[in-house]
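In what follows, a structure is listed as structure tokens, so that the remarks can point back to it.
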Amino acid sequence: MRLSLLSLLLILSFCNAGFSQEQEGPKAFISISGTLGRHSVNFKDFAKSPGFSFGFSISAGIYAVDNGDYRGGLVLTLLEGASRDERRRQLSEDFELPHPDYDKHIIFKFAQFRSANIGWFSEWDASDNVTLYHQIGFGIFGSTEKDQLLDFGMSNQLGTLLGDAESFRARLGINHDTTFGTGNPNYVQNNLGFTFGGFRAF
């Protein structure tokens with residue numbers, strides 16, 4: 001988590017440095033959003049434990065490409081959330097590991113989860129006040145209780161930015177985070193949610 005925060009500070013410092021250069025168009029952006037959805041812990045072929053999820057995320061990035069109707073750049077995203085499934089704790093205790101060489105994890109009924117990733121943000125102007133965006137990132141994702149279960153993950157976001165590009169815009173979309181089970185092949189986690197928040201380029 002500390003590494004992710006340091007990366008965020010590094011991006012923001014680049015954003016601040018960009019103010020001293022006179023360039024057309026925005027140089028950087030920041031976004032804060034809430035999310036509602038469904039977080040699932042999959043105990044391989046034994047069982048799945050889905051639950052209603054909620055959380056928030058913050059993204060900060062630097063534009064590297066600006067070709068008129070298209071803009072893109074590097075982005076760092078941090079997401080914190082939680083979900084609940086009444087059966088989850090018992091399932092995690094009863095789970096017989098198909099790959100016994102890897103650790104067994106006890107996951108609580110109310111599971112907190114985190115995603116921290118670095119990737120690429122793209123936006124396309126559909127009209128004066130509507131912009132389509134897509135964001136993909138790679139990093140870590142997983143549950144973060146006392147018995148942490150974090151793994152290599154991928155994040156995808158797709159949606160629209162509504163409002164004047166020169167000021168605050170509303171951000172609406174869907175987000176999907178998932179693990180690949182490479183760190184511990186006994187478990188796979190994913191979260192699919194609806195994202196709503198604000199976006200500001202400067």
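Read-outs throughout are calculated quantities, based only on the coordinates presented, and are distinct from any laboratory measurement. Only a predicted model underlies this, so the values are computations on that prediction, with no experimental measurement involved. Please note: Cβ atoms are built from the backbone with ideal geometry, for glycine as well, and neighbour counts cover all protein chains shown.
Annotations
- In the set N129, N186, N156, only one residue is over 28 Å from G72 (Cβ atoms) and either surrounded by fewer than 19 Cβ atoms within 10 Å (Cβ to Cβ) or over 15 Å from the mean Cα position of the chain (by Cα) (or both); that residue is N186.
- Residue in the range 110-126 that is closer than 24 Å to T195 by Cβ, of a type outside the set (D, E) and outside any strand (DSSP E or B) present: yes
- Any hit, the range 26-34, residues being within 21 Å of H105 (Cα to Cα), in contact (Cβ under 8 Å) with a residue 24 or more places away in the chain and not aliphatic (A, V, I, L, M): no
- Unique match (being in contact with a strand residue (DSSP E or B) (Cβ under 8 Å, 6 or more places away or on another chain), within 22 Å of F180 (Cα to Cα) and touching a residue at least 12 places away in the same chain (Cβ under 8 Å)) among R87, R114: R114
- Only listed residue being under 28 Å from R171 (Cβ atoms) and either crowded, with 16+ Cβ neighbours inside 10 Å or touching a Lys or Arg at 6+ places or on another chain (Cβ under 8 Å) (or both), chosen from K27, K109, K44: K27
- Within the range 63-80, tally of residues that are buried (at least 19 other Cβ atoms within 10 Å of the Cβ) and among the aliphatic types (A, V, I, L, M): 4
- Test: R114 is within 30 Å of G68 (Cα to Cα) and surrounded by 17 or more Cβ atoms within 10 Å (Cβ to Cβ): no
- Residue selected from the range 159-183 under the condition out of contact with any Pro (no Cβ under 8 Å at 6 or more places or on another chain) and among the small types (G, A, S), by the criterion surrounded by the fewest Cβ atoms within 10 Å (Cβ to Cβ): S167
Condition check ((1) crowded, with 22+ Cβ neighbours inside 10 Å; (2) touching a Gly at 6+ places or on another chain (Cβ under 9 Å)) across all residues:
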{"site": "S83", "(1), (2)": "yes, yes"}
{"site": "Q90", "(1), (2)": "no, no"}
{"site": "Y102", "(1), (2)": "no, yes"}
{"site": "E145", "(1), (2)": "no, no"}
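- Pairs where the first residue, in the range 142-160, is more than 12 Å from G181 (Cβ to Cβ) and the second is in a strand (DSSP E or B) and acidic (D, E), C-beta under 6 Å, 6+ apart: S155/D177
- Members of the range 38-84 that are among the acidic types (D, E) and without any contact (Cβ under 8 Å) to a residue 40 or more places away in the chain: E80
- Here S122 meets each of (1) out of contact with any Leu (no Cβ under 7 Å at 6 or more places or on another chain); (2) more than 24 Å from K27 (Cβ to Cβ) with one exception, condition (2).
- For the range 117-126, a residue qualifies if it is surrounded by fewer than 22 Cβ atoms within 10 Å (Cβ to Cβ), under 18 Å from the mean Cα position of the chain (by Cα) and not small (G, A, S), and the qualifying residues are I118, W120.
Here is a yes/no grid of residues against (1) of a type in the set (S, T, N, Q); (2) more than 18 Å from G153 (Cα to Cα); (3) part of a strand (DSSP E or B):
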{"site": "S40", "(1), (2), (3)": "yes, no, yes"}
{"site": "S49", "(1), (2), (3)": "yes, yes, yes"}
{"site": "G61", "(1), (2), (3)": "no, yes, yes"}
{"site": "R71", "(1), (2), (3)": "no, yes, yes"}
{"site": "V75", "(1), (2), (3)": "no, no, yes"}
{"site": "L78", "(1), (2), (3)": "no, no, yes"}
{"site": "G81", "(1), (2), (3)": "no, no, yes"}
{"site": "L97", "(1), (2), (3)": "no, yes, no"}
